[in-house]
Amino acid sequence: MKKSKALGILVLILAIMAGMSWYAGTIISTVGVGENRNIKLGLDLAGGVSITYGAVEDNPSEEDMKDTIYKLQKRVENYSTEASVYQEGGDRINIEIPGVSDANAILEELGKPGSMEFQNEAGETLVSGTDIQNAQAATYKNEVTGNTEYIVELVLTDEGAVKFEEATAANVGKTMPIVYDGETISAPQVKAAISGGRAQIDGMESFEAAENLASTIRIGSLSLELEELNSKVVGAQLGEEAISTSLKAAVIGLVLVMIFMIIVYLLPGFTASLALILYSALTVYALWIFDITLTLPGIAGIILSIGMAVDANVIIFARIREEIAAGKTVNSAIKLGYEKALSAIVDGNITTLIAAVVLGMRGSGPVKGFAYTLGIGIVLSMFTALVVTRWLMKCFYALGLQNAKFYGAAKQLNTIGFLKKKVIFFAISVIAIVAGFVGMGINGANGNILNYSLDFVGGTSTTVTFNEDYSIAEIDDQIVPIIEQVTGDPNVQTQKIEGSNQVVIKTRSLELSERDDMNQALIEQFGVDEGGIIAENISSTISSEMRSDAVWAVVIATICMLIYIWFRFKDIRFAGSAVLALIHDVLVVLAFYAIARISVGNTFIACMLTIVGYSINATIVIFDRIRENLGGAKKKDPEAIEEIVNRSITQTLTRSINTSLTTFVMVFMLFILGVSSIREFALPLMAGIICGAYSSVCITGALWYVFKVKFVKK
């Protein structure tokens, strides 16, 4: 490449980087600033709308309540993946939707929950709303007229599909009125018997009309008929301090990682630092463009991804140094470094991307939000490492920075005999996992096996009308400590109700005597009127169905990852070892949660999923090197295989240490500077990073070796 061309490309890249970074800064600057914010924020950071519905039926069954909550959860995810739905008392359901402030608009769009039926012309019910799984507005082009037609697409349950086929077969040529709360809202004509569990309602005059009908059908398919009791706008749970401290942690962590990369990797480290700035800007853009709701765990996840984003660069730079040490020219070393690192980078990221896709499709609530953020991070990190960093290095090389001293050479490390200590490593892992189960057993004897928060087990919600309008900071400083002292609950959640002096205080489930003690403390300390204190039991915001969705999503993702690794490495032993290492890391972190009694809330799911992605990525890098060093050989004696595994782990040891260090630095800054809830998220993540580094170096290669030697093909 000519110098003039290289200079032009370099200037262009830097200009684009500067412009995007500047605009990303303007987006960030509006985070948390009223209605003008460019990025959607979660209920914890910005507040939103809270709607309370009551069941029309007296004493609804627990099963109907759970089913209705789950279906409502699926629907409100159209507004935000971080929306939450939970039970209050025996017959009320609360919906909290972050990032919005117009309760009336939400109520209008969501629709009024009521009974919905498909009837025949004699008024007999053929299909009920509960037989409808989903309804969505859509458009298509009429091939005859060329006009755009508006329709409602229906997806029925398995039982509903049978009913619908029978109903349509018996009413061909007739209308089948859709009756909502006794009123006919549409009367589509049946043109033919409809099978397969899918149907269309055509003849809508506009897309808006189709959307309204679809919304009514969706809300009418609930197990219970509901009526709106009240709606209110609630304030942020954490306030501006949570955002500012998290952003400060991100900036400091980013600077530290950049300094580390430059010191350790010289010129390539400098190019990676520039690419890291672009990666951060692109991440902000992605949040904005894809309209992703940002919560405190989301911020933590993004900061974590910045630490992980350097992983691909570390793999590449280590390869470049190896080639330079082997006597290659710098130009050849750069080319070969990217070529040899490609398989490890692609396999590691695709494996994690598979997990993100499955989690996004099967998960719900915070799991779905996490999957979106994870997927975006993977794609952007691969782009900046494989494209941006490479072009920057080409430009600097063409501009004269061609001396090997700018790039460094790998130091020859003596092969470390990791496998000689595999029994010790296995024993340490078993002890850690067993300690976790013992800890959970002891905890279970004294209550819950884990320190479940409101998100998992529900609790008591107390609405208090104070005599003055307290700010979030004043609530945290003055009110929360007293509530924690009286109830003994260290995980108190609070929300302001906008336009009033009311504050919602959520705690663990309180006995009647504990409620009385809390009420008395509020009356004595703040002069609250006893009539201004209303308490109700609330269910968990993470329902059993959501937990089941998360578990199944992880199981399916694990199976898909196993199949991919098996396919790519042509050896089930690689896949089996990777999955066992993944399970190992999850169990060790679970043990940490149990023994340290860290609160298990909605961040718990995000933490575990992060560890799954981190663990599998680290494992793939070592397996890729083992595959390369095997050189396609099928049969080797145990001593030769042991030497290959030890050499492969040693060759990737620098990568394992450096990637773990950069990731740890980012999370550690969160732990030091973040608010209490973010520290509870950061602490187990740090444990997971340490565990992931340990398992990738000490466990995965040893597991593969045992499988290889034990089950070697004769």
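The values are calculated or read from the model by the stated rules, or taken from the named source; none is laboratory data. Here the structure is a predicted model, which is why all the values come from computation and not from measurement. In this analysis, Cβ positions are derived from the backbone assuming ideal geometry, glycine residues included, and neighbour counts consider all displayed protein chains. Protein only, heavy atoms only, side chains kept; ligands, DNA and RNA dropped before computing areas. Shrake-Rupley method; radii C 1.70, N 1.55, O 1.52, S 1.80 Å.
Tell me, yes or no, whether the range 539-552 has at least one residue that is touching a strand residue (DSSP E or B) at 6+ places or on another chain (Cβ under 6 Å), buried (at least 20 other Cβ atoms within 10 Å of the Cβ) and not in a helix (DSSP H, G or I).
yes
Any idea which of (1) in contact (Cβ under 8 Å) with a residue 60 or more places away in the chain; (2) more than 27 Å from Leu450 (Cβ to Cβ); (3) buried (at least 24 other Cβ atoms within 10 Å of the Cβ) is the one Ser648 doesn't satisfy?
With (1) in contact (Cβ under 8 Å) with a residue 60 or more places away in the chain; (2) more than 27 Å from Leu450 (Cβ to Cβ); (3) buried (at least 24 other Cβ atoms within 10 Å of the Cβ) applied to Ser648, the lone miss is (1).
Pull up the range 587-617, narrow it to residues that are polar (S, T, N, Q) and within 16 Å of Thr373 (Cα to Cα), then point me to the one that is modelled with the lowest pLDDT.
Ranking the qualifying residues of the range 587-617, first place goes to Asn602.
Would you check if Ile345 is crowded, with 23+ Cβ neighbours inside 10 Å, assigned to a helix (DSSP H, G or I) and over 12 Å from the mean Cα position of the chain (by Cα)?
Here the answer is yes, as Ile345 does meet what is asked.
Condition check ((1) open to solvent by 30 Å² or more (accessible area, probe 1.4 Å); (2) among the hydroxyl-bearing types (Ser, Thr, Tyr)) across all residues:
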site: Ile350; (1), (2): yes, no
site: Leu359; (1), (2): no, no
site: Ser381; (1), (2): no, yes
site: Arg390; (1), (2): yes, no
site: Gly400; (1), (2): yes, no
site: Asn403; (1), (2): yes, no
site: Ile416; (1), (2): yes, no
site: Lys421; (1), (2): yes, no
site: Asn443; (1), (2): no, no
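Suppose we filter the range 676-688 for residues that are open to solvent by less than 10 Å² (accessible area, probe 1.4 Å) and of a type in the set (A, V, I, L, M); how many remain?
Within the range 676-688, residues that are open to solvent by less than 10 Å² (accessible area, probe 1.4 Å) and of a type in the set (A, V, I, L, M) number 3.
Looking at the range 163-181, which of the residues that are in contact with a Ser or Thr (Cβ under 9 Å, 6 or more places away or on another chain) and part of a helix (DSSP H, G or I) is surrounded by the fewest Cβ atoms within 10 Å (Cβ to Cβ)?
This residue is Ala169.
Condition first: at pLDDT 80 or above, over 25 Å from Lys40 (Cβ atoms) and not in a helix (DSSP H, G or I). Can you find one or more residues in the range 93-113 that meet it?
no
All but one of (1) surrounded by 20 or more Cβ atoms within 10 Å (Cβ to Cβ); (2) modelled with pLDDT under 85 hold for Gly447, so report the exception by its number.
Result: Gly447 passes all but (1).
Looking at Val31 and the list (1) at pLDDT 80 or above; (2) open to solvent by less than 30 Å² (accessible area, probe 1.4 Å), which single condition is not satisfied?
Against the list (1) at pLDDT 80 or above; (2) open to solvent by less than 30 Å² (accessible area, probe 1.4 Å), Val31 comes up short only on (1).
Do you know which residues across the range 584-606 are closer than 11 Å to Ile449 by Cα, part of a helix (DSSP H, G or I) and open to solvent by less than 20 Å² (accessible area, probe 1.4 Å)?
Across the range 584-606, the qualifying residues are Ala591, Tyr593, Ala594.
Ser273 passes all but one of (1) modelled with pLDDT under 85; (2) small (Gly, Ala, Ser); (3) out of contact with any Ser or Thr (no Cβ under 7 Å at 6 or more places or on another chain); which number fails?
Only one criterion is unmet by Ser273, namely (1).
Can you run down the residue pairs with Cβ atoms below 7 Å, 6 or more apart or on separate chains, where the first is in the range 163-187 and without any contact (Cβ under 8 Å) to a residue 60 or more places away in the chain and under 16 Å from Gly197 (Cα atoms) and the partner is open to solvent by less than 60 Å² (accessible area, probe 1.4 Å) and aromatic (Phe, Trp, Tyr)?
Ala167/Phe118
Got a sec? Which of Gly576, Gly527, Gly532 is touching a residue at least 40 places away in the same chain (Cβ under 8 Å) and on the phi > 0 side of the Ramachandran plot?
None of the other options fit; the residue is Gly527.
Contact list please: Cβ distance under 7 Å, first residue in the range 196-220 and of a type in the set (Asp, Glu), second residue surrounded by fewer than 18 Cβ atoms within 10 Å (Cβ to Cβ), pairs at least six apart or on different chains.
Within 7 Å, the pairs are Asp202/Glu149.
Given the conditions (1) under 30 Å from Arg627 (Cα atoms); (2) open to solvent by 20 Å² or more (accessible area, probe 1.4 Å), and given that Gln525 satisfies all but one, which numbered condition is not satisfied?
Among (1) under 30 Å from Arg627 (Cα atoms); (2) open to solvent by 20 Å² or more (accessible area, probe 1.4 Å), the lone unmet condition for Gln525 is (1).
Could you say whether any residue in the range 533-551 is over 35 Å from the mean Cα position of the chain (by Cα), at pLDDT 75 or above and of a type outside the set (D, E, K, R)?
yes
Would you check which residues across the range 182-209 are β-branched (Val, Ile, Thr) and open to solvent by 70 Å² or more (accessible area, probe 1.4 Å) and list them?
Thr184
Could you go through the range 614-629 and let me know if any residue there is outside any helix (DSSP H, G or I) and open to solvent by 40 Å² or more (accessible area, probe 1.4 Å).
No.
Per-residue answers, yes or no, for (1) more than 30 Å from Leu685 (Cβ to Cβ); (2) of a type in the set (Val, Ile, Thr); (3) exposed (fewer than 14 other Cβ atoms within 10 Å of the Cβ):
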| residue | (1), (2), (3) |
| --- | --- |
| Gln485 | no, no, yes |
| Gln495 | no, no, no |
| Leu510 | yes, no, no |
| Asp529 | yes, no, yes |
| Ile572 | yes, yes, no |
